[in-house]
Amino acid sequence: MLQRCLLACMAFLLAASACADTLLVAAGAGYRRPVMQLLEDFTQSSGIRAEASFGNMKQVETQARQNPGIALLIGDRAFLEPMGLAERFQHLGTGQLVLVAARGQAIASLDELREPRFKRIALPDRTKAVYGKAAATCLERLGLAQPLQGRLLEVATVPQVGAYVATGEVDAGFVNRTEALALQGRAGASIDAPQDCYAPIELSVGVLQGRADGAAARAFLDYLASPAARRVLERHGM
């Protein structure tokens with residue numbers, strides 16, 4: 001009986017240790033590629049297992065509220081801050097809105113979207129995704145919102161826009177630079193949207209109140225401030 005109790009205690013302690021050494025992060029789906037590479041690099045260098053869940057920012061907020069194990073949120077600060085979940089923020093980079101045309105389509109300016117050849121133009125959900133909000137703001141400021149009414153297709157996330165562009169289901173789509181880089185070879189021309197046509201996009205990590213005191217979260221925040229993390233972000237256009 002004593003031996004069984006000791007074995008049970010050891011199993012509990014090992015499970016607790018494993019949980020303590022695991023970092024849980026929630027992030028905007030548009031940053032999936034750089035975040036996954038950051039987590040992989042961090043795990044290799046630290047030995048600490050790191051996992052992430054992704055979605056639009058409304059989904060990220062829901063995940064954070066429902067799962068107390070999530071210690072950090074990664075996304076646009078303008079979306080993270082109003083959630084009221086983070087005790088502080090750490091700057092990671094600056095986002096860039098990009099229009100990517102479908103394969104075979106050339107485009108030199110956003111004004112060309114008026115042309116009949118652009119029948120369907122995708123953007124992320126403007127109420128739930130920062131790049132959807134940025135795209136909608138940009139079109140409004142450039143006087144394109146009204147002319148393109150009826151041709152705009154809103155989908156949930158940046159990767160979904162990329163998939164629609166790559167398969168030719170739309171003629172063009174608004175994504176971030178990270179997705180635009182990933183689409184190279186599978187899409188047509190791409191152009192950066194003028195940075196003065198939408199609010200600055202500040203990619204940040206939100207440190208959740210009372211959840212980031214563990215060694216794993218502290219180690220990851222230190223890693224994010226390192227040159228190695230900076231190189232990963234730069235490779236993904238931030």
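The values are calculated or read from the model by the stated rules, or taken from the named source; none is laboratory data. The shown structure was predicted, so the numbers you read here are calculated from the model rather than taken from an experiment. Cβ coordinates were reconstructed from backbone atoms using ideal geometry, including for glycine residues, and neighbour counts include every protein chain displayed. Calculation scope for accessible area: heavy atoms of the full protein, side chains included, ligands and nucleic acids excluded. Shrake-Rupley method; radii C 1.70, N 1.55, O 1.52, S 1.80 Å.
Peptides 174-183, 199-208, 87-96 ordered by packing proxy, namely the average of other Cβ atoms within 10 Å per residue, highest first: 174-183, 199-208, 87-96.
Taking amide H as placed 1.01 Å from N in the peptide plane, the amide H of GLY95 sits under 5 Å from that of ILE201, GLU202, LEU203, each at least 5 places away or on another chain. The simple spin-label model puts a point 7 Å past each Cα toward its Cβ; for GLN66 and HIS91 those points are separated by 3.4 nm.
Taking every C-alpha pair closer than 8 Å and separated by at least 6 residues, the mean separation divided by the residue count of segment 60-133 gives a relative contact order of 19 percent.
Taking 7 Å steps out from each Cα toward its Cβ at SER53 and GLN195 produces label points 3.5 nm apart. Per residue, the accessible area of the chain comes to 49 Å², computed with a 1.4 Å probe over protein heavy atoms only.
For segment 119-238, the Kirkwood estimate of the hydrodynamic radius, built from every pair of different alpha carbons, is 16.1 Å. Once the Cα-Cα distance is subtracted from the 0.36 nm per residue extended length, the ASP222 to ASP21 segment shows a gain of 70.8 nm. Once both labels are positioned 7 Å from their Cα atoms along Cα-to-Cβ, the gap between GLU234 and SER109 label points is 3.3 nm. In the chain, Cα pairs under 8 Å separated by at least six residues give a relative contact order of 30 percent.
Of the DSSP beta bridges with both residues in the chain, give the percent that are antiparallel, rounding to the nearest 5. Counting DSSP beta bridges with both partners in the chain, the antiparallel share is about 55 percent. Counting 0.36 nm for each residue step from LEU148 to SER45 and taking away their Cα separation leaves a gain of 32.3 nm. For segment 138-237, the Cβ-based charge dipole about the Cα centre amounts to some 280 debye (Lys, Arg positive; Asp, Glu negative; other atoms uncharged). Under the membrane-span-like helix rule (DSSP H runs whose alpha carbons stretch at least 24 Å along the helix axis, mean Kyte-Doolittle hydropathy 1.6 or higher), the chain yields 2-20.
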